[in-house]
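Single-structure report; data block below.
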């Protein structure tokens with residue numbers, strides 16, 4: 001699967017870019033010529049060689065700390081025109097409401113929603129000054145179709161879709177396009193690996209995730225992080241100049257409804 005975009009003279013910021021979907025986005029954007037800044041609370045030594053080869057700058061950043069997030073975005077904007085922001089940082093929250101503490105709520109909403117709002121707030125003035133830009137918020141199919149086992153996570157991802165639509169409407173005049181991607185179960189991510197390992201039977205649980213999505217079941221595999229990154233690349237490219245306020249489901253059809261037997 002190949003899709004080439006010229007992102008030379010573009011600066012991009014990717015939050016949660018040390019692993020999984022964020023890492024795939026950072027690498028793909030850099031491969032297309034962008035100068036990429038990754039903001040992540042837990043930089044991985046395993047990335048050092050490839051990031052160095054691609055010119056990716058990695059900054060330790062807790063996106064819940066608004067001042068840290070602003071510092072990364074403002075620094076990135078000094079390296080050239082800030083044209084791309086991928087708000088990818090996120091955590092899961094598999095708890096029923098009776099068991100959710102205020103600390104749980106704050107951790108989930110601050111990471112998944114507040115950080116994206118302030119990421120947009122800090123990036124949009126730089127993009128306006130650069131003549132426009134593109135923001136992609138990484139939501140979830142849980143934002144399209146809430147799930148019973150993780151209501152707080154679903155709330156955070158649904159709010160992210162509303163944020164996407166509202167800010168897309170507000171900033172079209174600035175030529176700032178804002179879209180969301182809504183992945184389903186994606187392999188090779190920290191969140192998925194944690195879920196799989198917690199069950200005690202990794203392979204059986206992986207198959208359960210696969211069987212829950214009609215296309216994933218047809219291909220008998222989970223979605224790959226690079227497949228999400230390819231959709232992000234399209235949304236930040238000139239090919240999507242007239243695309244804003246969308247929420248693209250990339251979940252193998254899981255959010256369509258009950259799959260056929």
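Taking every pair of distinct Cα atoms and averaging 1/r, then inverting, what Kirkwood hydrodynamic radius in Å comes out for segment 149-242? Write down the numbers at each step before the final one.
On the way: mean 1/r = 0.0646 Å⁻¹.
After inverting the mean inverse Cα-Cα distance, the result is 15.5 Å.
For segment 1-125, state what percent of all Cα-Cα pairs lands in each successive 5 Å bin, counting from 0 Å until the bin that includes the largest distance.
Distribution as computed: 2, 12, 21, 22, 18, 12, 7, 4, 2, 1 percent.
Grab the Cα-Cα distance for residue 212 and residue 175, subtract it from 0.36 nm times how many residues apart they are, and report the gain in nm with one decimal. Write out the running numbers ahead of the final one.
Details: separation 37, 0.36 × 37 = 13.32 nm, distance 3.84 nm.
Working it through step by step, the gained length comes to 9.5 nm.
Hey, of (i) 28, 20, 19; (ii) 27, 24, 23; (iii) 24, 21, 20, which did the structure itself give for semi-axes √(5λ) of the Cα gyration tensor in Å when calculated?
Looking at semi-axes √(5λ) of the Cα gyration tensor in Å for this model, the match is (i).
Going by Cα centres, segment 111-190 and segment 1-72 are how many Å apart?
Segment 111-190 and segment 1-72 have Cα centres separated by 17 Å.
Counting only the backbone N, which residues of segment 25-65 are under 15 Å from the spot 7 Å out from the Cα of residue 224 toward its beta-carbon?
Backbone N within reach: 25, 27-28.
If the chain between residue 91 and residue 31 were fully stretched, how many nm would it gain, using 0.36 nm times the residue separation less the Cα-Cα distance? Walk me through the numbers before you get to the answer.
Details: separation 60, 0.36 × 60 = 21.60 nm, distance 2.67 nm.
Roughly 18.9 nm would be gained on extension.
Label points 7 Å out from Cα along the Cβ direction at residue 53 and residue 67: separation in nm?
3.8 nm
Rounding to the nearest 10 and keeping the result within 0 to 90°, find how far the Cα-based axis of helix 115-129 lies from the longest principal axis of the chain.
30 degrees
Rounded to the nearest 500, what is the 222 nm mean residue ellipticity of the chain from helices alone, with -39500 (n - 2.57) per DSSP H run of 4+ residues and division by all residues? Don't skip to the end; give the middle numbers.
Working: 11 runs with 115 residues, N = 261.
So the helix-based figure for the chain works out to -13000 deg cm²/dmol.
Specify the angular offset, from 0 to 90 degrees and rounded to the nearest 10, of the alpha carbon long axis of helix 151-170 from the longest principal axis of the alpha carbons in the chain.
30 degrees
How high is the relative contact order of the chain? Use alpha-carbon pairs under 8 Å, at least six apart in sequence, and give a whole percent. Walk me through the numbers before you get to the answer.
Details: 521 pairs, mean separation 50.1, N = 261.
Relative contact order for the chain comes out at 19 percent.
By how many degrees, between 0 and 90 and to the nearest 10, does the Cα long axis of helix 20-31 differ from the longest principal axis of the chain?
30 degrees
Among 160, 44, 28, which one moves the most in a GNM of the chain with springs linking Cα atoms closer than 10 Å?
44
Work out how much length residue 100 to residue 149 would gain on full extension: take 0.36 nm times their residue separation and subtract the Cα-Cα distance, in nm to one decimal. Kindly include the intermediate steps, with their values, before the conclusion.
Details: separation 49, 0.36 × 49 = 17.64 nm, distance 1.22 nm.
Gain on stretching residue 100 to residue 149: 16.4 nm.
With the crude spin-label approximation of a point 7 Å out along Cα→Cβ, what separation in nm comes out for residue 6 versus residue 46?
Placing both labels 7 Å beyond Cα along the Cβ direction yields 3.6 nm.
None of the figures in this text is laboratory data; all of them are computed from the coordinates on show. Please read all numbers here as calculations on a predicted model, not as lab measurements. Positions of Cβ are generated from backbone atoms using ideal geometry, with glycine treated the same way; all protein chains shown enter the neighbour counts.
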